[in-house]
Amino acid sequence: MRLMVGVLLIALLGGLFWWGMRRDASALPSQLAQAQEPAPDFALPTLKPYQAEWGETLTLSELVGPKPIVLNFWASWCPPCRRESPMLEAAWRRYRNRVLFLGINFQDGDEAARAFIREFGLTFPSGADPRGRVGVDYGVYGLPETFFINSEGRVLARHVGELSASQLEGYLRQLLR
């Protein structure tokens, strides 16, 4: 009897694991976006390449205002982050007068983050979240994740995974309405 219960438990856990691995992470709901809740505030140390222009701390509540925000969680060790970074930089350069692009370097080392910034020539500011606390506040599931915050500071949308250029354009149209 104990053996049967053990086998059933293992089968159930295996089935749940298999089901979870087959789910599309981009379909995960975000309470922040569904209810258009205020974006959780944070104050993070600005990564060194951006300190001269943006100061030593990036505080979301100080940046919300005239422009909506594209908030991207990334890490140097994340292959999809590496693929989407050039596209995000190009969009930042195109929209910088109307939209603030803001990066959060998630659970990464300072030198690795700076090497990533140099490699891709990233000019939009990023803050460091080495312990992932801001990621927890936002419900980050995996990297990259991007949140679209309107000029009132409310989360309009969340995208899990690598963004395509057309997806980003769609989100930007929504932000700029």
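All of the numbers you see were taken from the coordinates with simple rules; none came from a lab. All values reported here derive from a predicted model rather than from experimental measurement. Glycine also receives a Cβ, built like all others from the backbone with ideal geometry; neighbour counts cover every protein chain displayed.
Does the range 30-175 come out rounded, prolate or oblate, given a ≥ b ≥ c as the square roots of the eigenvalues of its C-alpha gyration tensor, rounded meaning a/c under 1.5 and, failing that, prolate meaning a/b above b/c? Note, shape of the range 30-175 comes out rounded.
Each 5 Å bin, from zero up to the one with the longest distance, holds this percent of the alpha carbon pairs of the range 35-77: 5, 17, 24, 29, 16, 6, 3, 0.
Distance between the modelled labels on GLU152 and THR123, one decimal in nanometres: 3.3 nm (7 Å Cα→Cβ projection). Legend: ranking of residues SER85, SER30 from fewest to most surrounding C-beta atoms inside 10 Å; resulting order SER30, SER85.
This ranking places THR57, THR146 by how few other beta-carbon atoms lie within 10 Å of each, fewest first, which gives THR57, THR146.
Note on the chain: with charges restricted to the Cβ of Lys and Arg (+1) and Asp and Glu (-1), its dipole about the Cα centre is near 440 debye.
Between the alpha-carbon centres of the range 35-79 and the range 107-140 there is a gap of 10 Å.
Ordered by the count of other Cβ atoms within 10 Å of each Cβ, fewest first, ILE117, ILE149 give ILE117, ILE149. Among 49-55, 99-105, 151-157, the peptide with the highest mean count of other Cβ atoms within 10 Å heads the list, and the full ranking is 99-105, 151-157, 49-55. In the chain, taking the dipole from charged Cβ atoms about the Cα centre, the farthest positive-side position among MET87, GLY132, LEU44 is held by MET87. The angle between the Cα long axis of helix 2-22 and the main principal axis of the chain comes to about 30°, on a 0 to 90 degree scale.
Between ALA115 and ARG93, the contour length at 0.36 nm per residue exceeds the Cα-Cα span by 5.9 nm.
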